[in-house]
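Have a look at the structure below before the remarks.
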Amino acid sequence: MANATLTISSRNYGAWALRGWLMARLAGLDFDEKIIPPDDPAMRAEMLLLSSSIRVPSLQHGGLVVWDTLAIGEYLNELKPEAGLLPADRAQRAHCRSICGEMHSGFATLRSSLPMNIKARFPAFKVWSRAYADIERIAEIWRECLDRYGGPFLFGEMPTIADAMYAPVVTRFLTYDVEIDEVCRRYCQTIMAMPAMIEWVEAARLEPEDIDELEAEF
């Protein structure tokens, strides 16, 4: 039995759960999973964007409980510095933290209009016009990082907290057939080809539960 437990929600719908889980995987942490059932109010609140990420995800380790995805990422970076969850260079770390913070607190229109739903595919989906500003900003962040640090990940050759933070956006772009440029498409392919992402997606596809409110084609 691992000495760490990560509490997560639905793999299909849980964007914050994916972020925290992916950070733990990238850190190389040995952990058990505790999955909140679909009828739990905390899970439904997260899925339906009615509350911030308080219980999902949360990490129990060494007698500590760490919640909120960014806090988990910072804790894992301190615990496993060799994993490189944050860049070694101070300026790059500042840049990484900035775009992670922007993802953490921003892009509300994108979240509400394109909820994460890995199992679904909506070809030629009509994206709400107000979401385009969020999409364009995310694409700008990706292009800037990939150009500055050389890719294939946002801060170079190895994935960081930033890639974990933007991974659910990648799944959204695929689900809703969002039109993006070739640079961003290649980045999406890089993220989806990560072994941890393949593991997450395969498990998401096996989930039997649906949340009716998120299955509507709106």
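The values are calculated or read from the model by the stated rules, or taken from the named source; none is laboratory data. All of these numbers come straight from a predicted model, not from anything done at the bench. Ideal geometry is used to build each Cβ from the backbone, glycine not excepted, and the neighbour counts take in all protein chains shown.
Tabulated data
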read-out	value
Odd one out for Arg130, checked against (1) under 19 Å from the mean Cα position of the chain (by Cα); (2) modelled with pLDDT under 95; (3) basic (Lys, Arg)	(1)
Matching option when the condition is in contact (Cβ under 8 Å) with a residue 60 or more places away in the chain, out of contact with any strand residue (DSSP E or B) (no Cβ under 7 Å at 6 or more places or on another chain), within 30 Å of Pro81 (Cα to Cα) and of a type in the set (Phe, Trp, Tyr), among Phe155, Phe122	Phe155
Filter result (over 23 Å from Ser105 (Cα atoms) and assigned to a helix (DSSP H, G or I)) within segment 61-83	Leu79, Pro81, Glu82, Ala83
Pick from segment 133-190, criterion of a type in the set (S, T, N, Q) and surrounded by 20 or more Cβ atoms within 10 Å (Cβ to Cβ), ranking: farthest from the chain's Cα centre (by Cα)	Thr160
All helices (runs of 4 or more DSSP H) inside segment 100-218 with 2 or more residues being farther than 22 Å from Ile35 by Cβ, out of contact with any Pro (no Cβ under 9 Å at 6 or more places or on another chain) and not hydroxyl-bearing (Ser, Thr, Tyr)	108-113, 131-149, 161-175, 182-192
Hits in segment 1-54 (condition: in a loop (DSSP other than H, G, I, E, B), at pLDDT 95 or above and buried (at least 18 other Cβ atoms within 10 Å of the Cβ))	Leu29
